[in-house]
Amino acid sequence: MIVMKFGGASLQDDFNFANVIKVVQENKEKNPIVVVSAMKGVTDLLLESIHFAVQRENLKLSNHLKKIKEKHINVIESLIKNEKKRTDVLKDLEKHLLDLGYLLNAVSVLKEYTKKSWDMILSYGEKLSSRILIDLMLSHNINAVQVLGEEVIVTDSNFNSAYPNFSLTKKKSNQILKPMIKKGFTPVIAGFTGATKDGETTTMGRGGSDLSASIIGACMDCEEVWFLKEVDGIMTHDPRVVSEASLIKEITYSEVAELSYFGAKVLHPIAIHPLKENGIIARIKNVYDVNSDGTKVSALITTNTNKLKPVKAISVINDICLLTIQGEGMIGIPGVAAKVFTCLADSMINVLMISQSSSEQNICIVINKVDRKSAINKLNEKFELEILKGLMGSIKVQESFSVLSLVGKEMAGTSGVCGKIFSILGQGDINIVMIAQGSSELNISFLIEKSKSKLAVNLLHKAFLLHE
């Protein structure tokens, strides 16, 4: 038994839906459980629709609902040839869209939304894509059955960013999915969504469909979880940036977690934990070439490792902002860093890197540029008294940076890696603004000017022989 997870790009049009059906048919003997995202672009349309509903921009809202409808109708009319079946499917689509419209109208009347209503509205992306896929699979003689995320995944009550309860989800998924599979059915699960113990719809954040797939794979004790993408697997870097980037055949859970956190769009970072904890192998495969091995993700590497190649891959996060909090009044005062972290955490702002001078006169934090305005406002509020008293200066803001991360388990205990980085970047006239390395030595991250990012990646990729 395996889980096959198809993302939005794999469901963007009639050609891709047809390809998904072909992939499922070819792997029917593996007893697949299918997990799907919304069609490409639909989640964004739903998010914008919520905004239009709040603002009572009825024409824009109507146009967005029309776009959502057209995307799904195009697939149905192209791939379902039987007129009666096509009519039935279109009626079912209309019902779902009518329910979605009621929710958005309620938001419009109130001129606001709650986290609960947000989740209910966003869940329709996966409900629609899974419903259509079911109908297409049935028309191709695949005994498929739709399973909503709310039916099998039990989460906490952290709406918009919920996390599954493993024991309760395991109990539910085994009760519902195992009998289906024993009877020869292929469950198609609407990813991204779950429900609280009280049955209230939740979503698991962007990329949550990956988490849906991994939690189902772990709960069902599957042999493997396949994440089917438009790439051959995990690469040493983005081939659009490094032309000599190569496929990584095997990688550990810890390595892929580091890559995902620092910008590589491989897996949702939080999706790795259930796989690692339960020893489930993940494979990143090309949805158009499923017979190729892709990249295997597991606890141990079975192929020979090479200490001469300690770095496995390079990831990059662009559009980074550096905030510097400084002042002589910070010297010897305990808890300043804690106040900074608490302030940003309460505002759901993620800190990528932090550095503090030994004199304690300044703290530098690295965040995503999109969080800049909110972070500055919150920090100014938090330290208003200290700034007024002159104990701290105003927060210094610097933009247009990138965080580069070199990842590889063979870096642990290998001397000279940092020295080599400094030497290579120095030769390329690239200045390192900040650098950080955890005690696990799996990752070395550093901050440089965004304009030098592409050059830095290519120089390091070549120097650490990642093309070989």
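Looking at Lys265, Lys276, Lys249, can you tell me which residue is basic (Lys, Arg) and within 15 Å of the chain's Cα centre (by Cα)?
Details: Lys276 fails: within 15 Å of the chain's Cα centre (by Cα); Lys249 fails: within 15 Å of the chain's Cα centre (by Cα).
After ruling out the rest, the residue left standing is Lys265.
When segment 7-42 is filtered for residues that are crowded, with 20+ Cβ neighbours inside 10 Å, touching a Lys or Arg at 6+ places or on another chain (Cβ under 8 Å) and either among the charged types (D, E, K, R) or in a helix (DSSP H, G or I) (or both), the ones remaining, listed by number, are Gly8, Ser10, Leu11, Val42.
Determine whether Lys171 is outside the structural domain of Lys454 (by TED's automatic domain parsing), basic (Lys, Arg), part of a helix (DSSP H, G or I) and modelled with pLDDT of 95 or more.
Here the answer is yes, as Lys171 does meet what is asked.
Among the residues making up segment 89-132, those that are surrounded by 15 or more Cβ atoms within 10 Å (Cβ to Cβ), over 17 Å from Asn74 (Cβ atoms) and among the β-branched types (Val, Ile, Thr) are Val107, Ile121. Within segment 395-422, being touching a helix residue (DSSP H, G or I) at 6+ places or on another chain (Cβ under 8 Å), farther than 26 Å from Val297 by Cβ, surrounded by 13 or more Cβ atoms within 10 Å (Cβ to Cβ) and not basic (Lys, Arg) holds for Ile395, Val397, Ser400, Phe401. Count, please, the residues in segment 356-380 that happen to be assigned to a strand (DSSP E or B) and either at pLDDT below 85 or at positive phi (or both). Result for segment 356-380: 2. In the set Ile424, Ile435, only one residue is over 26 Å from Lys249 (Cα atoms) and outside any helix (DSSP H, G or I); that residue is Ile435.
Table: residues versus (1) at pLDDT below 95; (2) crowded, with 18+ Cβ neighbours inside 10 Å.
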{"residue": "Phe227", "(1), (2)": "no, yes"}
{"residue": "Glu230", "(1), (2)": "yes, no"}
{"residue": "Thr252", "(1), (2)": "yes, yes"}
{"residue": "Leu267", "(1), (2)": "yes, yes"}
{"residue": "Ile281", "(1), (2)": "no, no"}
{"residue": "Val287", "(1), (2)": "no, yes"}
{"residue": "Asn318", "(1), (2)": "yes, no"}
{"residue": "Gln326", "(1), (2)": "yes, no"}
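The values are calculated or read from the model by the stated rules, or taken from the named source; none is laboratory data. This one's a predicted model, so the numbers in the text were calculated from it and none came from an experiment. Cβ: placed from backbone, ideal geometry, glycine included. Neighbour counts: every protein chain shown.
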